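The structure appears right after this line, and notes come after that.
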Amino acid sequence: MTHQTFSISDIGRALRVPADGLVVPPTGLLLDRLARPLTDLRISVTDRCNFRCSYCMPKEVFDKDYRYLPHGSLLSFEEITRLARIFTGHGVRKIRLTGGEPLLRKNLERLVEQLAALRDIDGRPLDLTLTTNASLLARKAVSLKSAGLQRVTVSLDGLDDAVFRRMNDVDFPVSEVLAGIEAAQAAGLGPVKVNMVVKRGTNDQEILPMARHFRGTGVVLRFIEYMDVGATNGWRMDEVLPSSEVIERIAREFPLRPLEASTPGETAQRWAYEDGAGEIGVISSVTQAFCHDCSRARLSTEGKLYLCLFASMGHDLRPLLRGDAEDAQISSLLADIWQGRGDRYSELRALRLPDAGPGPDAPAPRRVEMSYIGG
Ligand code: SAM
Ligand code: SF4
Ligand code: SF4
């Protein structure tokens, strides 16, 4: 477990937010009700995707009649950048572009350029990254790097072509994802991370082949527990393979030792191969919730702010952007929203407290979809 540490000046900055709600923007550091800072912003740039991963956008729901957001409701790049700049005033240092499939958004490089010009509260460039299914990455890696993107995370759920084609459900081959990863490495978008969502009985036999393939390549492979996010994937607890089992399986072939978290609030627990062939990570959102460290806010494609991946309601910022609100007003509102945050869905689910909502095996309420809110 990692803990956030604050310097005296950090605390001083946080205290500049008076209790009467009249915020002096920018605060530099905002703490929510559980003393978690706001350091990480995930921005969904589209709710569309060219894959139909069964755990995220099952074909039966996301079919040809599915109504995606109309173009006019999407935030423009200028609106996104304006918000992102205001967020940096409250301590955001890291921005991840996501979706849907972010590389489907036209001219995304222009947004990357605008975001790359922003600075954090200490005047440093932001940590600017993107999560992608890599279907368009080989084509776009160089232009994304030139625009100022620093790193990419690629999703890949197995090396066996038949397994992967079944999971993406659009018959997309593994070879093109691997080509995207290579292009990203060659363009300097590293260290590349590869996310594998593990579903017991569907792709867990791919854990070892994936580990063997990426060891020693500089790619950081991360195994994600299949989550009960959204309301359409038919999630069942018996399809979750606990990360502890992933580690056990890999360690039998390649001894591992735990590593310290590199940054506070990091979602992955890191492990190093004892023989020096690099590291892997596990993201145990179901079996070992990490809400106590969650410093992430999520901005949907149409400008709603969500404080938790499992939220069903967002705060609509678009009317402010399209009305005549000044930066300071938006900044105050963001401060207010974050300071009121008490979300810790995964921890409550694990504890099965009365207000935890359903336990892992109960039916899910209508929550927003991952493809809309951004992973
Ligand atoms: N389309 C891009 C991609 O797949 O990389 C970005 C968006 S996707 C929603 C972001 C991440 O969420 C991916 O790594 C994906 O595997 C993960 N994800 C989606 N649904 C999930 C689920 N039910 N449980 C765990 N991870 C999930
Ligand atoms: Fe698309 Fe990513 Fe969801 Fe798969 S996980 S359907 S690639 S948004
Ligand atoms: Fe953060 Fe919500 Fe996930 Fe907990 S459940 S780690 S609060 S996004």
Prolate/oblate/rounded label for the stretch 34-81 (Cα gyration tensor, a/c 1.5)
oblate
Rounded to the nearest Å, what's the spacing between the alpha carbon centres of the stretch 172-187 and the stretch 315-347? Just the number, please.
37
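So how strong a dipole does the chain carry about its Cα centre when Lys and Arg Cβ are +1 and Asp and Glu Cβ are -1, to the nearest 20 debye? Could you put the intermediate results ahead of the total?
Values: 48 positive and 49 negative charges, 104 e Å.
Around 500 debye, computed over the chain.
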Within 10 Å, at most 14 other Cβ atoms, and a DSSP state outside H, G, I, E, B define an exposed site. Report the longest part of the chain free of exposed GluC sites (Glu not before Pro).
61-259
In degrees, nearest 10, range 0 to 90: what is the angle between the Cα axis of helix 174-187 and the longest Cα principal axis of the chain?
50
Computed from the beta carbon distance with a Förster radius of 25 Å, FRET efficiency for Leu69 and Lys106 to the nearest 0.05 stands at 0.95
Taking only DSSP H segments of four or more residues, each worth -39500 (n - 2.57), what value at 222 nm results for the chain once the sum is divided by all its residues, to the nearest 500 deg cm²/dmol?
-8500 deg cm²/dmol
Counting pairs of alpha carbon atoms under 8 Å apart in space and at least six apart in sequence, what relative contact order in percent does the chain give?
21
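Only the coordinates and a few stated rules stand behind these numbers; no lab work does. The structure displayed is predicted, hence computed values, not measured ones. Cβ: placed from backbone, ideal geometry, glycine included. Neighbour counts: every protein chain shown.
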